[in-house]
Structures are given as C-alpha cells and as structure tokens.
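Heads up, the thing below is written out as structure tokens.
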Amino acid sequence: MELAHIHWANGSLELHITTKPRKRTTLELQVYPYAQSFLEAWSAGKLRMGEITITQSGVFVPFKQSLPLVHPTGVMFFDTNLHSLDFVVVTESGVVEGFSLDISLIQKIRERQHGEDGPNPEDSQPPNPKEAPGKVPQA
C-alpha cells in the first residue's frame with residue numbers, strides 16, 4: 001500500500017496521503033515553472049517518482065530517471081585541505097597522473113577576513129524565537 005501518491009485532478013496536482021486505513025488527506029500542490037518539464041516527463045512515463053518529503057516550508061517531490069550503464073574510461077580521486085587541492089587521474093589504459101593546485105591564497109584571504117580561527121558558525125545561526133532579546137540562554 002502506498003502511503004502517498006500524486007495525481008492530476010481537474011487541472012491541478014494533488015498529493016494524497018494515507019493517514020489511516022481507508023482515510024486520506026489531500027494537499028493541492030503549487031507547481032513552479034522549473035518543475036513543469038519534470039511533471040510532463042513523469043506523466044509520459046519517462047521519470048519515476050522518488051520519496052516525497054513534507055516539511056513545514058513545503059512538499060518536495062524528487063524524480064528518478066533510469067540511465068543506461070556505462071563503462072568508465074578512467075577514474076579521478078580528489079583530496080583537499082587548507083592549502084591544496086590534489087587529484088589523481090587513472091585512465092582506462094592504467095596511466096596515472098597526479099595534479100596539485102595551490103589554494104593557500106584562499107586560506108590567507110579567509111584568515112585576513114575572519115581571523116585565524118575562521119568565521120564563527122554561531123554568527124550564521126538563525127535566532128531562537130524562544131529566547132527574549134538580551135536574555136542569555138541557559139546551558
């Protein structure tokens with residue numbers, strides 16, 4: 001039994017959610033222009049629907065496409081740290097080449113702008129609406 005499914009009804013897109021046996025809740029979905037081509041491909045049977053996610057801010061419907069398997073002609077390995085971006089390429093014939101990009105200038109600019117420790121992650125956190133202005137949160 002599907003817990004949720006989507007279908008067209010009277011020109012609109014509806015999400016039906018099973019809440020109890022033989023009981024459903026229906027949500028009418030707003031379709032953004034970006035999603036129109038995905039819905040058309042889904043309606044034509046070219047895409048499958050993924051796992052629907054419902055949050056306070058919206059309903060997210062991913063689509064999946066079956067693709068043919070391909071045989072890789074090589075692989076790449078990446079490693080990054082504060083001073084370099086390193087990668088290795090291995091071709092189908094077994095040739096191995098390594099590359100390194102010096103990105104230390106980016107780290108120096110970051111340190112200049114934010115100090116040695118970098119930006120404080122707490123500065124980018126949204127305020128807690130439960131805390132009164134000027135009130136110190138209790139630990």
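The values are calculated or read from the model by the stated rules, or taken from the named source; none is laboratory data. Nothing here was measured: the structure is a model prediction, and the numbers come from that model. Virtual Cβ from ideal backbone geometry, glycine too; neighbours counted across all protein chains shown.
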Legend entry - Residues being within 20 Å of the chain's Cα centre (by Cα) and charged (D, E, K, R) - total across the stretch 19-70: 3
Inset, instruction - Return only the number of the condition from (1) exposed (fewer than 10 other Cβ atoms within 10 Å of the Cβ); (2) outside the structural domain of Gln107 (by TED's automatic domain parsing); (3) modelled with pLDDT of 85 or more that Leu15 does not satisfy. - result: (1)
Legend entry - Pairs, first farther than 23 Å from Lys46 by Cα in the stretch 66-82, second of a type in the set (Ser, Thr, Tyr), C-beta under 9 Å, six or more apart: Thr73/Thr91; Gly74/Thr91; Gly74/Ser93; Val75/Thr91; Leu82/Ser104
Inset, instruction - Give the residues of the stretch 107-127 that are surrounded by 10 or more Cβ atoms within 10 Å (Cβ to Cβ), at pLDDT 80 or above and either farther than 30 Å from Met76 by Cβ or in contact with a His (Cβ under 9 Å, 6 or more places away or on another chain) (or both), sorted by residue number. - result: Gln107, His114
Inset, instruction - Would you mind stating whether Val31 is free of Cβ contacts under 8 Å to residues at least 40 places away in the same chain, assigned by TED's automatic domain parsing to the domain that holds Lys108 and surrounded by 11 or more Cβ atoms within 10 Å (Cβ to Cβ)? - result: no
Legend entry - Residues being of a type in the set (Val, Ile, Thr) and either under 24 Å from the mean Cα position of the chain (by Cα) or under 18 Å from Phe63 (Cβ atoms) (or both) - total across the stretch 1-18: 2
Inset, instruction - Give the residue that is farthest from Ile6 (Cα to Cα), with candidates limited to residues of the stretch 22-75 that are in contact with a strand residue (DSSP E or B) (Cβ under 8 Å, 6 or more places away or on another chain) and basic (Lys, Arg). - result: Lys64
